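Let me begin by presenting the structure, written as structure tokens, before commenting on it.
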Amino acid sequence: MKFFVQTAAAVLSLAGAFSAEAADKVRFGTNWLAQAEHGGFYQALADGTYARHGLAVEIVPGGPQANNRLLLPTSRIEFAMGGNMLQAFAAVEQNVPTIVVAAMFQKDPQVFMSHPGQGRDTFKSLVGAPIYLGKDLVAATFPWLRMEYGFRDADLRPYNFNSGPFLANKQSVQQGYATAEPFAIEKQAGFKPNVFLLADHGFDTYSTTIETRLDLVQKRPDLVQRFVNASIIGWYTYLNSDNTKANALIKRDNPDMSDEQIAFSIAKMKEYGIVDSGDSKKSGIGAMTDERQKSFFDKMVKSGVVKASIDYRRAYTLQFVNKSVGMDGAK
């Protein structure tokens, strides 16, 4: 019996060593500093979901001095977090060999904020107000707003990630993310701003996408599928179960992140259905459809943001999503 126990223990030890050696090493580059908006990925790392899918994942945080998307086509990382589909359309136009394989956010978290009780309490009433926008939104989002709602170039003001001008002018509007800037305004100025999610007013791009290289899709589809599946499960767990260990990893990678901010971000992701709404309710987190992709592409062509000649269908694939992964544990 003693020999059997020792032999069994040795076998288990060897199996564990083999599993560790056999795990595929994967580097995943995020698009900004660690935060709750990356929580599902950190959850899959913290609770062993990636490991159970045969993956040894390293999360490479982004930030003001990093651009992880540039590391993807050069094979320095295997997966990257995209912002929205405009980046993927641009990659097709520039013949960059990358492709979107999943969309963790059904809604882009971009918002406009206004002061309550100042006659700017509906989305349409924002037209004509001074509006503080960063260069990226001016180039990528504002042309659609101008076409769809009549926003005016004359009202544009530069936004340098300082809310002082917005707070000083009660008639003004400022960009932000549903999970971040409203919290900062509440803490800084002591009031809750009106918050308008652009996704709820027709800006229907997917967001927080998972991108990879075309060669990995072609040569290692199993690797791509495992990473997508594990990330999806991570998001279900992060939003619906114990996320303590994931949040600890987020704060390790971003020491400036507070528990209060994390809690606010999670609450807003749930409130607005950022991660789990629309197609994800029937097909699982990460879901994408051809119809939704075409809708957004057509809007961006009509507003002059992207060229009609781009074959937008090369920007993404449905091969790895819409499989209801993780839905049995969703709450």
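Taken together, the values in this text are just the output of simple stated rules run on the coordinates, not laboratory data. In this text the structure is predicted, and so the values were computed from the model without any measurement. Quick reminder, even Gly has a Cβ in these numbers, built from the backbone with ideal geometry, and neighbours come from all protein chains shown.
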Among Met85, Met147, Met269, which one moves the most in a GNM of the chain with springs linking Cα atoms closer than 10 Å?
Met147
What three numbers, in Å, describe the spread of the alpha carbons of the stretch 110-201 along their principal axes, ordered from the longest?
34, 25, 24
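Translational diffusion coefficient of the stretch 82-235 at 4 °C, 1.567 mPa s, Stokes-Einstein with Kirkwood Rh over Cα pairs, in µm²/s as a whole number.
D = 75 µm²/s.
If you take every DSSP beta bridge fully contained in the chain, what fraction is antiparallel? Give it as a percent rounded to 5. Numbers along the way, then the final one.
Details: 22 of 36 bridges.
Taking every DSSP beta bridge with both residues in the chain, the antiparallel ones total about 60 percent.
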Considering amide H positions built from the backbone, and no H for Pro or chain starts, which residues 5 or more places from Val173, or on another chain, come under 5 Å of its amide H?
Ile131, Tyr132
Taking the Cα atoms of the stretch 88-160, what is the range of coordinates along each of the three principal axes, in descending order and whole Å?
48, 26, 25
Would you mind ranking Phe112, Phe203 so that the residue whose beta carbon has the fewest other beta carbons within 10 Å leads the list?
Phe203, Phe112
Provide Rg and Dmax in Å for the stretch 13-116, with only Cα atoms included in the calculation.
16.5, 64
Do any of Lys219/Lys323; Lys25/Lys107; Lys135/Lys187; Lys25/Lys282 go past 23 Å between their Cα atoms, and which?
Lys25/Lys107; Lys135/Lys187; Lys25/Lys282
GNM on the chain, Cα springs under 10 Å; top mean-square fluctuation among Asn162, Asn68, Asn229 goes to Asn162
Dividing the mean separation of Cα pairs under 8 Å (6+ apart) by the residue count of the chain yields a relative contact order in percent of 28
Suppose each label sits 7 Å from its Cα in the direction of the beta carbon; what would the Lys25-Gln94 distance come out to in nanometres?
2.8
So for the stretch 110-201: antiparallel DSSP bridges make up what percent, rounded to the nearest 5?
65
Would you mind getting the Kirkwood hydrodynamic radius of the stretch 218-288 from its Cα pairs, rounded to one decimal in Å?
13.8
Förster radius 56 Å - calculated FRET efficiency between Glu58 and Ser125, Cβ distance, rounded to 0.05
0.75
Rounded to two decimals, what ratio of Rg to Rh does the stretch 19-66 give with C-alpha atoms and a Kirkwood Rh?
1.03
On the principal axes of its Cα set, how long, how wide and how thick is the chain? Give whole Å, largest value first.
82, 48, 38
Dipole magnitude of the chain, debye to nearest 20 (Cβ charges: Lys/Arg +1, Asp/Glu -1, about Cα centre):
200
What residues have an amide H closer than 5 Å to that of Ala102, excluding those fewer than 5 places away on the same chain, when H is modeled at 1.01 Å from N in the peptide plane?
Ile210
Diffing the stretch 143-149: the Karplus 3J(HN,Hα) column from phi (6.51, -1.76, 1.60, θ = phi - 60°), in whole Hz with x for Gly and Pro, holds x, 5, 5, 5, 6, 7, 10
